[in-house]
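What follows draws every value from the coordinates through simple rules; no lab data is involved. Because the structure is predicted, anything quoted here is derived from the model rather than measured. Cβ sites come from the backbone with ideal geometry, for glycine too, and all protein chains shown count toward neighbours.
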Amino acid sequence: MRRAWREAEEIGVDSIFCWDHFYPLYGHPDGKHFEAIATLGAMAEVTERAQIGALVICNSYRNPELLADAHRTIDHISGGRTILGIGAGWFERDYDEYGYEFGTAPDRLRDLRAALPRIKERIGKLNPPPVGELPILIGGSGEKVTLKLVARHADMWHGFGDAETFARKNEILLGHCAEAGRDPAEIERTWGVHGDVLAEVDALQAAGVQHVILGVGGDGSGYDLGPLRELVAWRDGVNAG
């Protein structure tokens, strides 16, 4: 993992993310795995330029104040490069195996809604404060609740799907921003892609995506960063134009 992070920085990426699960989502269900907050601390230490974060932290697994404090600490280790990515949670096995109550999706969204103001309040109380801006990224595209939380609390919004999906969800987000009195330009649109990334990114950019995040799988034998090189080359070509 360290080698992959360093190589990604050498390629020229703008951001590097891990995820927040206790078991693999694919491959062997009991394969090797590590906890996200400690992983982010290691990532902060061995990288130098890219923003870092989890895509996304599960709100259910940690007290909101602790989550704010941990990310503030990681922000200091990284020199101000940390993103606080957060979502409501969905992977039931994580909950069951580690003793958290899974509940229902509305339960988890209510918990996230309650946690976000607490996270912001705690960040404002911490001494020393974060080095950087410590932006809050909310992951998810639920139209009635999650996107409303994005409009009210997020500096960044992350989702998945094709350009048409993004455009439709973004229109809903614009409506929530209007209701909340929030300037939608304050929210950076990030979007996840997999596989043949070059078949998607032109359309996503045209639809308004600002930050493309490529999912890269791997195991003990290493990570294939070939598609990442293609994506960075595409970005550089767009910026040069």
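Structure summary
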item	result
Residues satisfying the stated conditions in segment 115-167, i.e. among the small types (Gly, Ala, Ser) and touching a helix residue (DSSP H, G or I) at 6+ places or on another chain (Cβ under 8 Å)	Ala115, Gly132, Gly140, Ser141, Gly142, Ala151, Gly159, Gly161, Ala163, Ala167
Failed criterion for Ile172 (all others in (1) over 22 Å from Ala206 (Cβ atoms); (2) over 19 Å from the mean Cα position of the chain (by Cα); (3) not in a loop (DSSP other than H, G, I, E, B) hold)	(1)
Those residues of segment 213-223 which are free of Cβ contacts under 8 Å to residues at least 40 places away in the same chain and surrounded by 11 or more Cβ atoms within 10 Å (Cβ to Cβ), in sequence order	Leu214, Gly215
Residues (touching a helix residue (DSSP H, G or I) at 6+ places or on another chain (Cβ under 6 Å), surrounded by fewer than 20 Cβ atoms within 10 Å (Cβ to Cβ), more than 17 Å from Gly41 (Cα to Cα) and free of Cβ contacts under 8 Å to residues at least 40 places away in the same chain) located in segment 70-105	Phe102
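Here's the yes/no breakdown for (1) among the acidic types (Asp, Glu); (2) surrounded by 14 or more Cβ atoms within 10 Å (Cβ to Cβ); (3) assigned to a helix (DSSP H, G or I):
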residue: Ala151; (1), (2), (3): no, yes, yes
residue: His176; (1), (2), (3): no, yes, yes
residue: Arg182; (1), (2), (3): no, yes, no
residue: Ala185; (1), (2), (3): no, no, yes
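Conditions (1) within 24 Å of Ala115 (Cα to Cα); (2) basic (Lys, Arg); (3) free of Cβ contacts under 8 Å to residues at least 60 places away in the same chain; (4) assigned to a loop (DSSP other than H, G, I, E, B), marked per residue:
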{"residue": "Ser141", "(1), (2), (3), (4)": "yes, no, yes, yes"}
{"residue": "Lys148", "(1), (2), (3), (4)": "yes, yes, yes, no"}
{"residue": "Trp191", "(1), (2), (3), (4)": "yes, no, yes, no"}
{"residue": "Leu198", "(1), (2), (3), (4)": "no, no, yes, no"}
